[in-house]
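Chemist: A single structure is presented below for examination.
Each reported figure results from applying straightforward, stated rules to the coordinates on display, with no laboratory input. It should be emphasised that the depicted structure is a prediction, and the values quoted were computed from it without experimental measurement. With ideal geometry, Cβ positions are generated from the backbone for all residues, glycine too; neighbour counts draw on all protein chains shown.
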Amino acid sequence: MGEQISKIGVFTSGGDAPGMNAALRAVVRAAIYYKKEVFGVMQGYEGMIAGDIVKLGARSVGNIIQRGGTILKTARSEEFRTPEGRAKAFDNLKKHGINSLIAIGGDGTFTGLHKFYQEFNIPSLCIPGTIDNDIAGTDYTIGFDTATNTAVEAIDKIRDTALSHDRLFFVEVMGRNSGYIAVNSGIAGGAFALVIPEENITFDELYAQLEEGGKTNRKSSLVVVAEGSTIGDANELARKVAERSKYFDIKVTILGHLQRGGSPTYFDRVLASRMGVAAVEGLLNGKQDAMVGIKNNQIVYNDFDSIMSQRHEIDADLLRMAKILSI
Ligand code: F6P
C-alpha cells in the first residue's frame, strides 16, 4: 500500500485546538502500523523553513491524547507565503527524505499546503483542526466540541451572577468569521439572543428584542456575540445599548483564548483519532491535495478546491429553533 510514500511529515499550524495532540498521535501510530517512517515538523511552516524536524515513534506520542494544545507547537508563518520560504521548506523536507505531508490546522494552513503541493508535487493531506468549525466538507473540525463546551460552562457560570443581580450580559465567543461556537453555546446555555455574522440582524432589531424581554418581565438576559459580529463586538453593543437606555444594568465578558485550551472532550479525541488514521490511509491509497472530513459520521475526502470555494453554513433550522426558545 502506498509504496512511493515511505516518510510522512506531520505538523500542526494556525491556532491551536484541543484534540490536535490526539490527531498527531493517530497519524504517528497509523504511519508506524503501516510500516512508514514519520517525522514531526515543529511550529508548523516556521519549523519547516528552519529545518526543525524530529523523527517520531509510537512512544513519542504516548500520554498526549488527553492534552490540550499541541506538543509540536504551532505558528502562523509569514515567510511561508513567499516562494523563497517555501523553497527553503522543501529543501529541509528533502534532507530527511520526507515524501508526503499531513497538516493539522485550519483554512490558512490548507491554503499554504495547496500552494506547496502545486509547486513541489508532494502528496499532501489536511486534517481540519480549529475551534471555529468554519471549514466546508466536514460536519465538525477538531476542537470545536471542546471549545463550545468550555463556552457553555462559562455561560452557565455567568448566568448565576446575571440572575442574582438582574443584569444583561454580553458574552463574546471566538470563531473568527463563523458563528458556530456562538450558536451552539448560546442554545446550550439558554441565551436570550445570538449575534452572529451569518445572520443580518441590525442593532435596532437586537435592541427591540431586548426591550421586548423587559416588557415580558425578563429580569436578566444573556446575549452571546460571535467575535465576527458585523454590528459591533460585545463591548460596542453594550455601549450602544447603554447609550439608548438606562433600564439595563450591563456587563461584558470576553471568553477569548480560554476557549482554545483544556483537555479535549471524548468527541474531539475520537474525531481526531479517526481523522488521523484516515489521513494516513488516504495518503497510502493515493489521495492528495485533499482534506479529510466527517460527514454524517462517515470519513470523507474532499478535494482542496471543493472545500475552499464553499462556506460551512449554519443550519437555518437551528437559528429558527433558537428564536422560538428565546421568547
Ligand atoms: O482560528 C481560531 C481562533 O481562535 C479564532 O477563533 C480567533 O479569531 C483567532 O484564532 C485568534 O487568533 P490568535 O490566537 O492568533 O489571537
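Chemist: Pairs to check: 73/251; 73/95; 7/287; 157/240; 157/246; 55/115. Give those whose C-alpha atoms are more than 23 Å from each other in this structure. Provide the component values of the computation, followed by the final result.
Modeler: Numbers: 73/251 35 Å; 73/95 21 Å; 7/287 15 Å; 157/240 25 Å; 157/246 25 Å; 55/115 25 Å.
Pairs exceeding the cut-off: 73/251; 157/240; 157/246; 55/115.
Chemist: Quick one: among 99, 296, 285, which has the greatest mean-square fluctuation in a GNM of the chain with alpha-carbon springs under 10 angstrom?
Modeler: For the chain, modelled as a Gaussian network with Cα springs under 10 Å, the answer is 296.
Chemist: Please work out whether segment 195-270 counts as rounded, prolate or oblate from its C-alpha gyration tensor, where a ≥ b ≥ c are the square roots of the eigenvalues and a/c under 1.5 means rounded, while otherwise a/b larger than b/c means prolate and anything else oblate? All intermediate terms of the calculation are to be shown ahead of the outcome.
Modeler: Working: a/c = 2.20, a/b = 1.97, b/c = 1.12.
Note, shape of segment 195-270 comes out prolate.
Chemist: Oh, and also: Under a plain spin-label model, where a point goes 7 Å from the Cα along Cα-to-Cβ, how far apart in nm are residue 96 and residue 236?
Modeler: 4.3 nm
Chemist: Let's test the formula: R0 of 41 Å, r as the Cβ-Cβ distance of residue 251 and residue 139. What FRET efficiency results, to the nearest 0.05?
Modeler: On the way: r = 34 Å, r/R0 = 0.84.
The calculated FRET efficiency here is 0.75.
Chemist: For an R0 of 30 angstrom, estimate the FRET efficiency from the Cβ-Cβ distance between residue 6 and residue 111 and round to the nearest 0.05.
Modeler: Rounded to the nearest 0.05, the efficiency is 0.65.
Chemist: If one takes the longest principal axis of the Cα atoms in the chain, at what angle in degrees, from 0 to 90 and to the nearest 10, does the Cα axis of helix 144-165 lie?
Modeler: 20 degrees
Chemist: Once a ≥ b ≥ c are taken as the square roots of the eigenvalues of the Cα gyration tensor of segment 1-87, is the result rounded (a/c under 1.5), prolate (a/b larger than b/c) or oblate (a/b not larger than b/c)? Write down the numbers at each step before the final one.
Modeler: Details: a/c = 2.36, a/b = 1.22, b/c = 1.93.
Oblate shape, in that a/c is at least 1.5 and b/c is the bigger or equal ratio.
Chemist: For segment 214-274 and segment 131-183, compute the distance between their C-alpha centroids and round to whole Å.
Modeler: With segment 214-274 and segment 131-183 each reduced to a Cα centre, they are spaced 7 Å.
Chemist: Once the Cβ-Cβ distance between residue 258 and residue 79 is put in as r, and R0 is 35 Å, what FRET efficiency do you end up with, to the nearest 0.05?
Modeler: 0.70
Chemist: Can you list residues whose amide H is under 5 Å from residue 141's amide H, if they're 5+ apart or on another chain and H is modeled 1.01 Å from N?
Modeler: 133
Chemist: What's the local net charge at residue 50, with K and R +1, D and E -1, over the other residues with C-beta under 13 Å away?
Modeler: -1
Chemist: What do you get for the angle between helix 234-244 and the principal long axis of the chain? Use alpha-carbon atoms, 0 to 90 degrees, nearest ten.
Modeler: 20 degrees
Chemist: Another one. Taking the Cα atoms only, what angle lies between the long axis of helix 83-95 and the longest principal axis of the chain, rounded to 10 degrees?
Modeler: Here the helix axis deviates by roughly 50 degrees.
Chemist: Mind putting a number on the dipole of the chain about its Cα centre? Charges go on the C-beta only, +1 for Lys and Arg and -1 for Asp and Glu, and I need it in Debye to the nearest 20. Walk me through the numbers on the way to the answer.
Modeler: On the way: 36 positive and 39 negative charges, 213 e Å.
Around 1020 debye, computed over the chain.
Chemist: Still on this structure: Can you work out the Karplus-derived ³J(HN,Hα) for every residue in segment 252-263? Use 6.51 cos²θ - 1.76 cosθ + 1.60 with θ = phi - 60°, whole Hz, and x for glycine or proline.
Modeler: 10, 10, 9, 6, x, 5, 3, 6, 8, x, x, 5
Chemist: Over its Cα atoms, what ratio of radius of gyration to 2.2 N^0.38 Å does the chain give?
Modeler: Working: Rg = 21.7 Å, N = 327, 2.2 N^0.38 = 19.9 Å.
Dividing the Cα radius of gyration by 2.2 N^0.38 Å gives 1.09.
Chemist: Just check segment 49-127 against the gyration tensor rule for me: Cα atoms, a ≥ b ≥ c as the square roots of the eigenvalues, rounded for a/c under 1.5, and otherwise prolate or oblate depending on whether a/b exceeds b/c.
Modeler: Prolate, since a/c reaches 1.5 and a/b exceeds b/c.
Chemist: Near residue 120, within a Cβ-to-Cβ distance under 11 Å, what is the net charge of the other residues, with Lys and Arg +1 and Asp and Glu -1?
Modeler: +1
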